[in-house]
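Asks: Mind looking over this structure? Questions follow.
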Amino acid sequence: MARKLRVEYEGAIYHVMNRGDRQESIYLDEKDAKEFVKTLGEVCQRAEWQVHAYCLMNNHFHLVVETPNANLVAGMKWFLGTYTSRFNRRHRCFGHLFSGRYKSLIVDGSGNEYLRTVCSYVHLNPSRAGLVAKKEPLKFYPWSSFGEYLKVPRQRAPWLRVDRVFGDLGILKDSTSGRRRYETKMEAQRFEAEPEAFGKVRRGWCHGPETFRKQILEEMAEKATVHHYGEERRESAEVKAKRILARELKRLKWRGEDLGNEAKGHQGKIEIARRLRQETMMTVSWIAEHTKMGSEANVRKLLG
């Protein structure tokens, strides 16, 4: 069966959603939820993503993510696969955790309220689902970025951006009064009739004006005929990894051939491998080959 095309381009913003296999829970306790957010932070570092909103529900999640390097597919593959492995290992399970392919809605981020609407949809999910009592503030729900929006910047994860949504609301400064204004706006929206735009977020594939939609359709048509769509316009994961490798060689004052001359377990090589493992989505096999550290098993052993 043919799959829907994934449109990727630099700076694209997506509303991503996926459910548990057979509608089952994808977090069984608080530790799982924390692990999910931790893994999200890791993929943001590796893929250089920026997150505008997220919400963990019982059997599904919502994520509004911006991809400066046009790498949604590679990032989601690593993210979902890594969390699934960690979940299965902890609970001694096997097989799929998520149900099929994730849904990705392309969002116009030009400042015409489309991004703000999608983020509001995500932040209001716990209220719509009855997970927050009417008399309780929305920030009481712990597994959403809404509560993070209300914190001072130094207490937030570095990969979470609030400025775009604040700007769309005319909140020009991330200050106490600005955050309070955002909270007041969202609390009022909880008890208003659901905006028509929420239906489009729930059912559509693209959220933006007609000009944006036509542009995306043209890019989809291009992707259908070009095997490596956008390759000349984006930095691939391998290009990023090679850039890091070059910088590390310069730091160590090594030439490329020095990698082959030094011992497989040289501390310099271990430092390079660790950085590649933490900041990119390259496989251990790729890292082993390009750092001249021997086998994949040897790299795993040296990295602990």
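The values are calculated or read from the model by the stated rules, or taken from the named source; none is laboratory data. Given the structure is predicted, the values throughout are model-derived calculations rather than measurements. Cβ sites come from the backbone with ideal geometry, for glycine too, and all protein chains shown count toward neighbours.
Asks: If residue 13 meets every condition in (1) among the β-branched types (Val, Ile, Thr); (2) touching a His at 6+ places or on another chain (Cβ under 8 Å); (3) surrounded by fewer than 19 Cβ atoms within 10 Å (Cβ to Cβ) apart from one, which number is that one?
Replies: The one condition residue 13 does not meet is (3).
Asks: If you take the residues in segment 159-180 that are surrounded by 15 or more Cβ atoms within 10 Å (Cβ to Cβ) and of a type outside the set (A, V, I, L, M, F, W, C), which one is nearest to residue 64 (Cα to Cα)?
Replies: 161
Asks: In contact (Cβ under 8 Å) with a residue 60 or more places away in the chain, of a type outside the set (Gly, Ala, Ser) and either out of contact with any His (no Cβ under 9 Å at 6 or more places or on another chain) or surrounded by 18 or more Cβ atoms within 10 Å (Cβ to Cβ) (or both), is that true of residue 248?
Replies: Numbers: in contact (Cβ under 8 Å) with a residue 60 or more places away in the chain: no; of a type outside the set (Gly, Ala, Ser): yes; either out of contact with any His (no Cβ under 9 Å at 6 or more places or on another chain) or surrounded by 18 or more Cβ atoms within 10 Å (Cβ to Cβ) (or both): yes.
Taking the combined requirement at face value, the residue does not satisfy it.
Asks: Here is a further query. Does residue 47 count as buried (at least 19 other Cβ atoms within 10 Å of the Cβ), among the hydrophobic types (A, V, I, L, M, F, W, C) and touching a residue at least 40 places away in the same chain (Cβ under 8 Å)?
Replies: Numbers: buried (at least 19 other Cβ atoms within 10 Å of the Cβ): yes; among the hydrophobic types (A, V, I, L, M, F, W, C): yes; touching a residue at least 40 places away in the same chain (Cβ under 8 Å): yes.
Yes: the conditions hold for residue 47.
Asks: Further question on the same structure: Could you list, in sequence order, all residues of segment 257-276 that are surrounded by fewer than 18 Cβ atoms within 10 Å (Cβ to Cβ) and not hydrophobic (A, V, I, L, M, F, W, C)?
Replies: First pass over segment 257-276, keeping only residues surrounded by fewer than 18 Cβ atoms within 10 Å (Cβ to Cβ): 257-258, 260-265, 267, 270-271, 274-275.
257, 258, 260, 261, 262, 264, 265, 267, 271, 274, 275 - these are the residues of segment 257-276 that are surrounded by fewer than 18 Cβ atoms within 10 Å (Cβ to Cβ) and not hydrophobic (A, V, I, L, M, F, W, C).
Asks: Run down 121, 149, 141, 114 and say which single residue is more than 20 Å from residue 14 (Cα to Cα) and either of a type in the set (A, V, I, L, M) or in the same structural domain as residue 178 (by TED's automatic domain parsing) (or both).
Replies: Details: 121 fails: more than 20 Å from residue 14 (Cα to Cα); 149 fails: more than 20 Å from residue 14 (Cα to Cα); 114 fails: more than 20 Å from residue 14 (Cα to Cα).
Result: 141 is the single residue among 121, 149, 141, 114 that is more than 20 Å from residue 14 (Cα to Cα) and either of a type in the set (A, V, I, L, M) or in the same structural domain as residue 178 (by TED's automatic domain parsing) (or both).
Asks: Hey, could you check segment 174-206 for residues that are outside any helix (DSSP H, G or I) and modelled with pLDDT of 95 or more and say which is farthest from residue 62 (Cα to Cα)? Lay out the reasoning, then the answer.
Replies: So the first thing to find is which residues in segment 174-206 are outside any helix (DSSP H, G or I), and the list is 174-175, 191-195, 204-206.
If we keep only those that are modelled with pLDDT of 95 or more too, we end up with 174-175.
Numbers: 174: 24, 175: 26 Å.
Across segment 174-206, the extreme among qualifying residues is 175.
Asks: Would you be able to tell me the number of residues in segment 207-232 that are surrounded by fewer than 13 Cβ atoms within 10 Å (Cβ to Cβ), among the polar types (S, T, N, Q) and modelled with pLDDT under 85?
Replies: Final tally of qualifying residues: 1.
Asks: In addition: Looking at (1) assigned to a strand (DSSP E or B); (2) under 12 Å from the mean Cα position of the chain (by Cα), find the lone condition where residue 79 falls short.
Replies: All conditions are met except number (1).
Asks: Right, another one. Out of the residues in segment 270-286 that are assigned to a helix (DSSP H, G or I) and touching a Lys or Arg at 6+ places or on another chain (Cβ under 7 Å), state the one that is farthest from residue 241 (Cα to Cα). I'd like the intermediate steps shown before the answer.
Replies: Restricting attention to segment 270-286, the residues satisfying the condition of being assigned to a helix (DSSP H, G or I) are 270-279, 284-286.
Among the residues that remain, those that are also touching a Lys or Arg at 6+ places or on another chain (Cβ under 7 Å) are: 279, 284.
Working: 279: 8, 284: 12 Å.
Here the residue is 284.
Asks: A further question on this structure: Any idea which of 185, 151 is surrounded by fewer than 18 Cβ atoms within 10 Å (Cβ to Cβ), among the basic types (Lys, Arg) and closer than 30 Å to residue 42 by Cβ?
Replies: Numbers: 185 fails: closer than 30 Å to residue 42 by Cβ.
Residue meeting the stated conditions: 151.
Asks: Sort through 51, 65, 16 and tell me the only one that's β-branched (Val, Ile, Thr), part of a strand (DSSP E or B), over 19 Å from residue 156 (Cβ atoms) and under 12 Å from the mean Cα position of the chain (by Cα).
Replies: On the way: 51 fails: over 19 Å from residue 156 (Cβ atoms); 65 fails: over 19 Å from residue 156 (Cβ atoms).
Of 51, 65, 16, the one residue that is β-branched (Val, Ile, Thr), part of a strand (DSSP E or B), over 19 Å from residue 156 (Cβ atoms) and under 12 Å from the mean Cα position of the chain (by Cα) is 16.
Asks: For the structure I just gave you, tell me whether residue 74 is among the aliphatic types (A, V, I, L, M) and assigned to a loop (DSSP other than H, G, I, E, B).
Replies: Details: among the aliphatic types (A, V, I, L, M): yes; assigned to a loop (DSSP other than H, G, I, E, B): no.
So residue 74 fails the test.
Asks: Given the conditions (1) crowded, with 17+ Cβ neighbours inside 10 Å; (2) part of a helix (DSSP H, G or I); (3) under 9 Å from the mean Cα position of the chain (by Cα), and given that residue 41 satisfies all but one, which numbered condition is not satisfied?
Replies: All conditions are met except number (1).
Asks: In segment 244-288, which residue that is more than 22 Å from residue 76 (Cα to Cα) and basic (Lys, Arg) is nearest to the chain's Cα centre (by Cα)?
Replies: Of everything passing the filter in segment 244-288, 247 is nearest to the chain's Cα centre (by Cα).
Asks: Report whether or not residue 81 is surrounded by fewer than 21 Cβ atoms within 10 Å (Cβ to Cβ) and within 24 Å of residue 218 (Cα to Cα). Spell out how you get there, then give the answer.
Replies: Values: surrounded by fewer than 21 Cβ atoms within 10 Å (Cβ to Cβ): yes; within 24 Å of residue 218 (Cα to Cα): no.
No: the conditions fail for residue 81.
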